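Participant: Once you've had a glance at the structure underneath, I'll fire off some questions.
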Amino acid sequence: MPLILIKLRYIAIAGSLLALLVANAIMNLGQARIPLLSVLAALLVGNVVAHLWLRRRAADGELLVLLQMIIDVMALTVVLQFSGGPGNPFVSLYLVPVSVAAATMHRRYAMIVAMLAVGLYTWLLYGHQHKMHLGGSGFATHVTGMWVQFLISAVILLVVLRRFRAIVEDQRKRLAQARERQLRDESLIAVGALAAGTAHELNTPLTTLGMLVDECADSGIPPSSEDYRLMREQLLRCRSHVGALATLARRGALGEAIVQPVDAFLDDCLAQWQLLRPGVSVERGSPLPGVLVSVDQALPQALINLLNNAADANAVVGSEQVITLDSKLTDGRYVLHILDRGPGLRPDSDAVSGLARGTGLGIGLLISNASIERCGGHVRLFAREGGGCVTEVVLPMEREQ
């Protein structure tokens with residue numbers, strides 16, 4: 001705000017100088033030219049000093065605005081003193097600093113500016129050196145009426161604009177609270193999405209562990225070394241998923257998104273996924289070097305869920321366990337296609353939530369879509385030529401820092 005007023009004051013000084021030159025050419029101001037030009041010069045010097053001060057060091061914004069308003073009111077009084085006093089038609093310019101102060105400043109500062117303007121206007125009316133030349137009683141009454149009109153207008157401006165300022169401040173507080181609630185809700189959604197993904201992924205190792213325990217209990221034979229190895233692997237998978245959820249909670253509910261090459265991100269996801277589905281083969285398309293994406297804690301889990309859906313779809317029809325990944329750039333966004341040869345989309349399904357394949361909990365796709373949308377992307381499903389389904393993942397690209 002102080003910087004805006006400084007820039008506006010430069011324009012006002014230039015306009016005042018132009019008006020002074022025109023008035024002098026028309027009416028020949030005589031000796032009044034010197035004090036008027038001096039006031040404009042003093043305003044210009046003070047404005048330059050305030051501009052330099054504001055650029056070099058921090059200052060109290062409202063206090064600086066108050067000083068500028070006081071200087072403006074006093075300068076206007078000097079100009080009016082030598083150009084007709086209260087009879088000058090531009091005396092209503094006293095309302096400008098009053099309205100600006102009422103709309104932008106604290107109530108105490110606005111009252112100081114308003115009282116100063118009223119006091120100086122009153123001094124012009126009753127103590128002006130040219131009061132004897134006001135004319136007749138009719139003109140004196142007219143000038144007094146202008147003063148009364150100014151008082152009424154100043155009070156109305158103070159009351160109305162202060163009310164508007166209170167309304168705006170209340171709306172700003174409400175908006176800030178709404179933003180905080182939105183961030184808090186997004187945080188809960190992030191944790192909830194990862195928790196749901198963790199529960200979805202824990203379903204497979206826990207089911208395997210349950211089957212092994214039941215088998216050992218029914219047979220009465222101690223578990224073999226192979227059973228112990230398999231149970232250990234399943235426990236490690238459970239620990240890995242729970243650790244990912246704990247990491248997100250430690251880093252903050254939204255996680256710490258990092259920017260990394262998309263090929264490296266895809267390699268990491270495939271490495272984690274192959275531990276869960278070692279019997280499924282993946283065919284990769286051409287790499288995209290130099291393409292960066294923003295990755296948060298929930299995004300790898302989302303992609304793993306989509307890969308699981310594709311593998312489950314292949315398993316439903318008993319097709320060869322091969323998933324094809326195809327990457328490309330479209331309109332400045334990274335697009336990944338996950339292609340399978342499963343049963344495809346049901347006729348009554350939509351592009352996201354209508355697909356339920358495999359024997360899992362059935363929420364992997366919904367979790368993935370929510371996580372990817374939080375990252376600024378989206379998921380879309382459509383039929384693959386020759387049978388099967390294409391899962392399209394679109395992510396925004398990031399600039400290298």
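The values are calculated or read from the model by the stated rules, or taken from the named source; none is laboratory data. None of these values were measured; they are calculated from a predicted model. Methodologically, a virtual Cβ is constructed for each residue, glycine included, from the backbone with ideal geometry; neighbour enumeration extends over all protein chains shown.
Participant: Going by the conditions given, is Leu93 modelled with pLDDT of 80 or more and within 23 Å of Leu125 (Cβ to Cβ)? Before you say what the answer is, go through the steps one by one.
Facilitator: Working: modelled with pLDDT of 80 or more: yes; within 23 Å of Leu125 (Cβ to Cβ): yes.
So Leu93 fits the description; yes.
Participant: What residue, of Leu21, Leu52, Leu8, is at pLDDT 75 or above and within 23 Å of Leu116 (Cα to Cα)? Break it down into steps so the answer makes sense when it comes.
Facilitator: Values: Leu21 fails: within 23 Å of Leu116 (Cα to Cα); Leu52 fails: within 23 Å of Leu116 (Cα to Cα).
That would be Leu8, the only listed residue that is at pLDDT 75 or above and within 23 Å of Leu116 (Cα to Cα).
Table: residues versus (1) more than 21 Å from Ala264 (Cα to Cα); (2) at pLDDT below 85.
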{"position": "Val295", "(1), (2)": "no, yes"}
{"position": "Leu299", "(1), (2)": "no, yes"}
{"position": "Leu303", "(1), (2)": "no, no"}
{"position": "Leu307", "(1), (2)": "no, no"}
{"position": "Ala311", "(1), (2)": "yes, no"}
{"position": "Ala315", "(1), (2)": "yes, yes"}
{"position": "Gln321", "(1), (2)": "yes, yes"}
{"position": "Thr324", "(1), (2)": "no, no"}
{"position": "Lys328", "(1), (2)": "no, no"}
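Participant: Another question, then. Got a sec? Which strands (runs of 3 or more DSSP E) wholly within segment 255-343 have at least 3 residues that are in contact (Cβ under 8 Å) with a residue 24 or more places away in the chain, more than 26 Å from Ala383 (Cα to Cα) and not charged (D, E, K, R)?
Facilitator: Details: elements: 258-261, 281-284, 292-295, 322-330, 333-340.
By residue number, 258-261, 292-295.
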